[in-house]
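Input: a single structure, listed below in structure tokens.
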Amino acid sequence: MPATTPRRPVSLARAVREVAGREPVMGAFIARAGPMKLRAGTGDYFASLARSILYQQLAGKAAAAIHARFVDTIGGTVTPQAVLATAPDRLRAAGLSGAKTSAVLDLALKSTDGTVPLAGLESLADDEIVRRLVAVRGIGRWTAEMFLLFELRRLDVWPVGDLGVRNGYRLIHGLDAMPSEKAMEPLGDPYRPYRSVVAWYCWQAVHLARGDMLLPGGAAAD
């Protein structure tokens, strides 16, 4: 991801219109799938990242149950201090694996000792945020990119390592094979600085193909 700086806020609707007007196939899919809906960030960067760590590689219901037990175990409020005050064996008893216990403790420690400060992240460029976050055990590039997109609502995130994005691009464009990470990188260039919009619609293409969602008006996907 090349260096980018926070831009003047642009509405999602405007970004979607820009993307839809640049390429007919993507524009047709956007018209079919409906408006982009991106949830608001929580504003609590530590809690958001801790949740991301706990949710990694787990199905939604199982991850939600473990996360709820984790929150209860540390006293009901997700803060670095609460995590560090909780014995690792209690975190394990709440359902965290050894790796996730180490990761959430590392996040708590590094966010308080100055190694990975979280305050003011919103003012940093995308690549600097990624560089900072991947210094935490258990946070890789994908997790950092999801933080950029869903917590900070950055509009030019292009997570080429995400299988859903690559498969969705294949579905939208009718490709025989899913593009590789390397091949996907330049495919996002025509949509700068709104590649997050394309990524989001790629995920929607996968949901539609699986029958996980309906089109606007209640119509089923073809």
Checklist outcome for this item: For the chain, the accessible surface attributable to carbon and sulfur atoms (probe 1.4 angstrom, ligands and nucleic acids excluded) amounts in percent to 55 percent
Item to check | Kirkwood hydrodynamic radius of region 51-163, Cα pairs, Å | outcome: 14.7 Å
Checklist entry - What net charge is computed for the residues neighbouring Leu54, neighbours being all others with C-beta under 14 Å from the C-beta of Leu54, Lys and Arg scored +1, Asp and Glu -1? => result +4
Checklist outcome for this item: So the FRET efficiency between Ala85 and Ala64, C-beta based with R0 = 25 Å and rounded to 0.05, is 0.60
Checklist entry - Taking K and R as +1 and D and E as -1, what net charge do the other residues with C-beta under 14 Å from the C-beta of Val16 add up to? => result +4
Item to check | Cα gyration tensor shape for the chain, rounded if a/c is under 1.5, else prolate or oblate | outcome: prolate
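Counting only Cα atoms, I'd like the Rg/Rh figure for region 140-203, Kirkwood definition for Rh. Please report the intermediate quantities before stating the final value.
On the way: Rg = 11.0 Å, Rh = 11.6 Å.
That ratio is 0.95, to two decimals.
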Item to check | Ellipticity estimate at 222 nm from DSSP helix runs (n ≥ 4, -39,500 (n - 2.57)) divided over the chain, nearest 500 | outcome: -16000 deg cm²/dmol
Checklist entry - Of the chain, which part is the longest with no trypsin sites (Lys or Arg not before Pro) in a loop (DSSP not H, G, I, E, B) and with at most 14 other C-beta atoms within 10 angstrom? => result 40-222
Next on the checklist: Below 11 angstrom from the Cβ of Ala183, what's the summed charge of the other residues (Lys, Arg +1; Asp, Glu -1)?
Outcome noted: +1
Next on the checklist: Taking a ≥ b ≥ c as the square roots of the Cα gyration tensor eigenvalues, with a/c under 1.5 meaning rounded and otherwise prolate when a/b beats b/c, else oblate, which class fits region 24-112?
Outcome noted: prolate
Checklist entry - When the Cα centres of region 122-140 and region 28-59 are compared, how far apart do they sit, in Å? => result 17 Å
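Report relative contact order for the chain in percent, whole number only (criteria: Cα-Cα under 8 Å, sequence separation at least 6).
The value is 24 percent.
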Item to check | Å² of accessible area per residue within the chain, as computed with a 1.4 Å probe and no ligands counted | outcome: 50 Å²
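The values are calculated or read from the model by the stated rules, or taken from the named source; none is laboratory data. All values derive from a computational prediction rather than experimental measurement. We place every Cβ from the backbone using ideal geometry, glycine too, and count neighbours over all the protein chains shown. Quick note on the areas: whole protein, heavy atoms, side chains included, nothing else; ligands and nucleic acids left out. Shrake-Rupley method; radii C 1.70, N 1.55, O 1.52, S 1.80 Å.
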